[in-house]
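What follows is a single structure, written as structure tokens, with notes after it.
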Amino acid sequence: MLKQFLQLKLSQKLSPQQIQLMKLIQLPTQAFEQRLKEEMVENPALEAGKEEDEYERDEFENDDYDDYDEFENDRIDAEDINIDEYLSNDETPDYKLQANNYSDDDEDRSMPFAAPVSFHQDLINQLNTFILNDEEREIAEFLVGSIDDMGYIRRSVPDIVDDMAFTQGIYTDEKNVERILHIIHELEPSGVGARDLQECLLLQLKHKTPTESVDLAIDILENQFESFTKKHYDKLLQKYGVSQDQLKKAIDEIEKLNPKPGGAFTGNNKMIEHIVPDFTIRIVDGELELTLNGRNAPELHVSKDYQEMMQTYKASRDKSNQQKEAVQFIKQKLDSAKWFIDAIRQRQETLFVTMNAIMHYQEEYFLDGDETKLKPMILKDIADMIGLDISTVSRVANSKYVETPYGTKLIKEFFSEAMKNDQGEDVSTLEIKKILQNVIEEEDKQKPLPDDQLAEILKEKGYPIARRTIAKYREQLDIPVARMRKKI
């Protein structure tokens, strides 16, 4: 049986220009500069800096070249005008002679490039300082290849012996692998090649100059590791018969160690993101002052040469097909350049208006830096203030940074949900987290507060929050449970 249905569907399609504008808005300063460079290379009709004759923008708004269509049916003689002369390769356009498309003050300099050495290659290089025969070197290099990015070998020696035999044709025994593993343990960073946390920490301690505290720390890790990880300090005091001060010094030695010896090294090989603030907020005479990073507001104009080409073409009576194609190309580039300049202006306005609204919404915070004064604020609040879509505000907030008197902040960090205090007033979850963090920082570390007690304290301060919510906020703040916060 066939049935017919009538379905109405409402959809909104964005034009390619709107999509490109959204992408431009989302770009942070450095990525925007790179996008600008690409556009300058792709479109010779787009030039940086002020025009020499200070052309007004309205002059280009006339769009004289839109009259191109009136020539579509003309019969022309190619000898009358040759626009190819304007596109001659004999003269290099000005834009290609500019070392920098942004500012006359920028220096033309080349940046050195440092090729990083990988973590594993560095370990292999260190092996060259040891005298090893061919078999030992093969085993050593296999062991290095088995080390993960955190610096650990997560496999048992029997598994390694079997794997070398099956995959590499290297036949050896566990005793030999253990011997070579001791050589790996001599490599830097100290602790690399360990098979678990206990061994990792012990390797680092044994590389230290022996002292009373170091010796006690080694004994604790070797013989009382479980008591140490569970922070049963009373048991350790009774076991070793030492004073609290002596135990504290030994614990301090352990806590200074690196549980991920490979982590710091591999982190250096990842692309380092240098944060360039997109906005700056300053306090001038008790008032907030917002500025947009000047690198987001380049001076651009449409090429005067390209406009003259179009005018020359319009004035001619006869045109060849080749010349028409050339002019169509010029018109396309002029259109694209004009649109890009308008898009940059829209981007600047959108960024400034959005950040300005956020700054005034959170004025109390920006005036003194007290995070407890951050108001509950969601994307819709700002979108309603400035009449933009929530998605547009999100693109600004998620990718932009603002330099404030209290440090450089990711804008989205100022957004938070609201909760009710005991007076029925809306308070920011950021405010509650800050108060929770302060309470934990001020607690007695010998008797850290469990979550239920933290909930009671916040309730007394006017924030009735459930214990499970305390646990959630504590985890978001990367604060461990009470037992792990215990110190002696």
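Every residue in the stretch 194-230 that is touching a Phe, Trp or Tyr at 6+ places or on another chain (Cβ under 8 Å), outside any helix (DSSP H, G or I) and not acidic (Asp, Glu), please. Hits for the stretch 194-230 are ALA194, ARG195.
Being open to solvent by less than 10 Å² (accessible area, probe 1.4 Å) and either in a helix (DSSP H, G or I) or touching a residue at least 24 places away in the same chain (Cβ under 8 Å) (or both) narrows it down to one residue among ILE341, ILE330; which is it? Going through ILE341, ILE330 in turn, just one is open to solvent by less than 10 Å² (accessible area, probe 1.4 Å) and either in a helix (DSSP H, G or I) or touching a residue at least 24 places away in the same chain (Cβ under 8 Å) (or both): ILE330. Listed conditions (1) part of a helix (DSSP H, G or I); (2) farther than 30 Å from ILE254 by Cα; (3) of a type in the set (Gly, Ala, Ser) are all met by ALA471, apart from (2). Total residues in the stretch 393-409 satisfying the condition of being β-branched (Val, Ile, Thr) and in contact with a Leu (Cβ under 8 Å, 6 or more places away or on another chain): the figure is 2.
Of the residues making up the stretch 231-265, just one is under 22 Å from ARG154 (Cα atoms), open to solvent by 60 Å² or more (accessible area, probe 1.4 Å) and in a helix (DSSP H, G or I), namely ALA264.
Here is a yes/no grid of residues against (1) at pLDDT 85 or above; (2) within 22 Å of LEU36 (Cα to Cα); (3) in contact with a helix residue (DSSP H, G or I) (Cβ under 6 Å, 6 or more places away or on another chain):
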{"site": "GLU253", "(1), (2), (3)": "yes, no, yes"}
{"site": "GLU273", "(1), (2), (3)": "no, yes, no"}
{"site": "VAL302", "(1), (2), (3)": "no, yes, yes"}
{"site": "ALA315", "(1), (2), (3)": "no, no, no"}
{"site": "LYS324", "(1), (2), (3)": "no, no, no"}
{"site": "ASP335", "(1), (2), (3)": "yes, yes, no"}
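Taking the stretch 366-380 as the range and being more than 13 Å from LYS412 (Cβ to Cβ) and open to solvent by 50 Å² or more (accessible area, probe 1.4 Å) as the test, the residues that pass are LEU367, ASP368, ASP370, GLU371, LYS373, LYS375, LYS380. For the stretch 135-159, filtered to residues that are touching a helix residue (DSSP H, G or I) at 6+ places or on another chain (Cβ under 6 Å) and closer than 21 Å to PHE119 by Cβ, the residue that is surrounded by the most Cβ atoms within 10 Å (Cβ to Cβ) is ILE139. Scanning the stretch 281-294 for residues that are more than 12 Å from LEU367 (Cβ to Cβ), in contact with a Ser or Thr (Cβ under 7 Å, 6 or more places away or on another chain) and surrounded by 16 or more Cβ atoms within 10 Å (Cβ to Cβ) turns up just one, ASN293. Output yes when any residue across the stretch 374-389 is closer than 24 Å to VAL276 by Cα and in contact with a strand residue (DSSP E or B) (Cβ under 9 Å, 6 or more places away or on another chain), and no when none is. Yes, the stretch 374-389 contains at least one residue that is closer than 24 Å to VAL276 by Cα and in contact with a strand residue (DSSP E or B) (Cβ under 9 Å, 6 or more places away or on another chain). Being crowded, with 18+ Cβ neighbours inside 10 Å and of a type in the set (Ser, Thr, Tyr) is true of TYR473. Taken as a whole, the stretch 443-463 holds at least one residue that is at pLDDT below 85 and within 23 Å of ASP381 (Cβ to Cβ).
The values are calculated or read from the model by the stated rules, or taken from the named source; none is laboratory data. Keep in mind that what you see is a predicted model, and the values were worked out from it rather than measured. Positions of Cβ are generated from backbone atoms using ideal geometry, with glycine treated the same way; all protein chains shown enter the neighbour counts. With ligands, DNA and RNA removed, areas are computed over all heavy atoms of the protein, side chains included. Shrake-Rupley method; radii C 1.70, N 1.55, O 1.52, S 1.80 Å.
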